[in-house]
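K.L.:
Please read through the structure below; I'll follow up with questions.
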Amino acid sequence: EYKLPLQSVELFPELPALPKDTETVAIPSNIFYNGVRKIERFISSDSESVAMHPLIATTQIKIQDGVITFVATDKYRLAKYTASIESTNNFEIYLNKKVIKNCLDIEDENIVVSKGARHSIIQIADVTIVTRTYAGDYLDYAPIFAAPIDYSGKISTKIFRNAVTAIS
């Protein structure tokens, strides 16, 4: 027989209620999970950088003109993934690495994301995730991706791996 020290549900605060006019968007789970998995390893976890600039530890998810964009950086690398989405809403939110990892553990058809002034709410199946709404300017990455890449080449994996190992 085991005894677990538990607290009464009444001791916990109510989940914040967002106003009815809060920005909300439904993202199909296959698009959300694919985008997050592509860029999650690039989200910074360097605590010193995060303390100086909290947005560096977030993923920017932006919907504009039927395109959803996922962007993450760790100060050294920048990852961007885009996909088409059937949405007429323009929407932008920043989710931190822990929230992203929690979202990946839950499966459902749609992920409903709502952004309020202080809190953001992610609804997946019967799970509600409440997180702080991040404010500020994210890295202006548009100029980085704007220039066309008009060169290509091939290098053996072994030579590339050795070169990377030598400089790291």
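K.L.:
Do we have any residue at all in the range 69-79 that's closer than 14 Å to Y134 by Cβ, in contact with a helix residue (DSSP H, G or I) (Cβ under 7 Å, 6 or more places away or on another chain), part of a loop (DSSP other than H, G, I, E, B) and open to solvent by less than 60 Å² (accessible area, probe 1.4 Å)?
P.N.:
no
K.L.:
Which one of the conditions (1) assigned to a helix (DSSP H, G or I); (2) buried (at least 17 other Cβ atoms within 10 Å of the Cβ); (3) of a type outside the set (G, A, S) does I63 fail to meet, given that it meets all the rest?
P.N.:
Here I63 clears every test but (1).
K.L.:
Quick one: count up the residues across the range 1-31 that are surrounded by 10 or more Cβ atoms within 10 Å (Cβ to Cβ), assigned to a loop (DSSP other than H, G, I, E, B) and in contact (Cβ under 8 Å) with a residue 40 or more places away in the chain.
P.N.:
4
K.L.:
Restricting attention to the range 11-30, and to residues there that are farther than 12 Å from L104 by Cα and either modelled with pLDDT of 85 or more or among the hydroxyl-bearing types (S, T, Y) (or both), which single residue is nearest to the chain's Cα centre (by Cα)?
P.N.:
Of everything passing the filter in the range 11-30, I27 is nearest to the chain's Cα centre (by Cα).
K.L.:
Another one. Name every residue in the range 137-164 that is in a helix (DSSP H, G or I) and either more than 16 Å from K62 (Cβ to Cβ) or open to solvent by 70 Å² or more (accessible area, probe 1.4 Å) (or both), in order of residue number.
P.N.:
P143, I144, F145, A146, T157, K158, I159, F160, R161, N162, A163, V164
K.L.:
Aromatic (F, W, Y), part of a loop (DSSP other than H, G, I, E, B), under 15 Å from the mean Cα position of the chain (by Cα) and within 19 Å of S44 (Cβ to Cβ): which single residue out of Y94, Y134 fits that description?
P.N.:
Y134
K.L.:
Taking the range 110-124 as the search range and keeping residues that are touching a strand residue (DSSP E or B) at 6+ places or on another chain (Cβ under 9 Å) and not in a strand (DSSP E or B), which one is surrounded by the fewest Cβ atoms within 10 Å (Cβ to Cβ)?
P.N.:
Going through the qualifying residues, I end up with R118.
K.L.:
Counting only residues that are part of a strand (DSSP E or B), over 27 Å from S168 (Cβ atoms) and open to solvent by 30 Å² or more (accessible area, probe 1.4 Å), how many does the range 80-91 have?
P.N.:
Summing the residues that are part of a strand (DSSP E or B), over 27 Å from S168 (Cβ atoms) and open to solvent by 30 Å² or more (accessible area, probe 1.4 Å) in the range 80-91 gives 2.
K.L.:
Show the residue pairs that are 6+ apart or on different chains and have beta-carbon atoms under 9 Å apart, the first residue being within the range 117-141 and over 21 Å from D105 (Cβ atoms) and touching a residue at least 12 places away in the same chain (Cβ under 8 Å), the second being assigned to a loop (DSSP other than H, G, I, E, B) and of a type in the set (V, I, T).
P.N.:
A117/T22; A117/T133; R118/T133
The values are calculated or read from the model by the stated rules, or taken from the named source; none is laboratory data. Quick caveat: nothing in here was measured; it's all calculated off a predicted structure. Cβ atoms come from the backbone with ideal geometry, glycine included; neighbour counts cover every protein chain shown. Accessible surface is based on the protein model in full, side chains and every heavy atom, while ligands, DNA and RNA are left aside. Shrake-Rupley method; radii C 1.70, N 1.55, O 1.52, S 1.80 Å.
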